[in-house]
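Report on the following structure.
Derivation of every value follows stated rules applied to the coordinates shown; laboratory data play no part. As the structure is a computational prediction, the values presented were derived from the model and not from experiment. Neighbour counts run over all protein chains shown; Cβ positions are idealised from the backbone, glycine included.
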Amino acid sequence: NAGVTQTPKFQVLKTGQSMTLQCAQDMNHNSMYWYRQDPGMGLRLIYYSASEGTTDKGEVPNGYNVSRLNKREFSLRLESAAPSQTSVYFCASSDQGGNNEQFFGPGTRLTVL
Amino acid sequence: GDSVTQMEGPVTLSEEAFLTINCTYTATGYPSLFWYVQYPGEGLQLLLKATKADDKGSNKGFEATYRKETTSFHLEKGSVQVSDSAVYFCALRRNSGYALNFGKGTSLLVTP
């Protein structure tokens, strides 16, 4: 099993450009998440999908959109990138339920110039 | 709202030293508590967890006890190794929720 995979690993954008970060999991998990990690800030939740067909905003959703394409895939889109969106983005998945472990992907390092 | 506070790093220890990383939380109800570890260049991995008061989570020599009276979940290890060098995150999740609420992370460097 590959677990949680993310593409791309690195990306450099210019201000105003758009892009989509891809995430897929092969563990048959119901719930998926997007976090961003900034120095000294820990991880902050952008959006999550409790189950296929549903998405909800997290702590820092502004400037992002998501799509739960199917049970395996959960993408994050930046419509008009800004320097403040320079960060490392992590996707995670878990079985539905309050105490189930979240499994994280390796991350995407995004720089917006 | 819910929050997690961790001791600031970086923490530098010699191999075989005792490790404590403090973590306290603020939350309503009875959240589940977690420690995650992030090795350089990688994603986060679950290290241990506890789901109710007085539970002790343990894994790979690390331990943490859920203390509701002090709202704490401190991470300890009796003898650290160079391979333990990483960033450690304390996190909580409400039992009615899905997402994790993370602390800012504590960087640990273990020297030979």
Return a single number: how many Lys pairs in chain B, at a sequence separation of 8 or more or on separate chains, have alpha-carbon atoms below 22 angstrom apart.
13
Peptide A:45-51 - average C-beta neighbours from other chains (10 Å radius)
2
Kirkwood hydrodynamic radius, chain A, all distinct C-alpha pairs: what's the number in Å?
13.9
Scattering from the C-alpha atoms of chain B alone, worked out with Debye: what is log10 I(q)/I(0) at q = 0.20, 0.24 1/Å?
-1.01, -1.40
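Taking every residue in A:20-28, how many Cβ atoms of other protein chains lie within 10 Å of its Cβ, on average?
That works out to 0 on average.
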Per 0.36 nm of contour for each residue apart, how much would the distance between B:ALA17 and B:LEU46 grow if the chain were fully extended, relative to their Cα-Cα spacing?
8.2 nm
Multiplying the sequence separation of A:VAL12 and A:VAL88 by 0.36 nm and subtracting their Cα-Cα distance, what value in nm do you get?
26.2 nm
Inverse of <1/r> over all distinct C-alpha pairs of the stretch A:55-102, i.e. the Kirkwood Rh in Å, gives 12.7
Once each part is reduced to its C-alpha centroid, what is the distance from the stretch B:14-65 to the stretch A:54-113 in angstrom?
24
Against the 2.2 N^0.38 Å scaling, with N counting residues, where does the stretch A:1-40 land? I'd like the Cα-based Rg ratio to two decimal places.
1.46
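Sorted by packing (mean other beta-carbon atoms within 10 Å per residue), highest first, where do B:13-20, A:27-34, A:55-62 land?
Highest to lowest by the protection proxy: A:27-34, A:55-62, B:13-20.
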Looking only at other chains, what is the average number of their beta-carbon atoms within 10 angstrom of each beta-carbon in B:99-106?
6
Projected label distance in nm at A:ARG109 and B:ARG67, using a 7 Å step from Cα toward the beta-carbon:
3.8
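Divide, for the stretch B:10-65, the radius of gyration over alpha carbons by 2.2 N^0.38 Å, where N is the residue count.
1.29
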Would you list B:TYR66, A:TYR35 from fewest to most Cβ contacts within 10 Å?
B:TYR66, A:TYR35
State the Kirkwood hydrodynamic radius of the protein assembly as shown in Å, one decimal place, computed from all pairs of distinct Cα atoms.
18.0
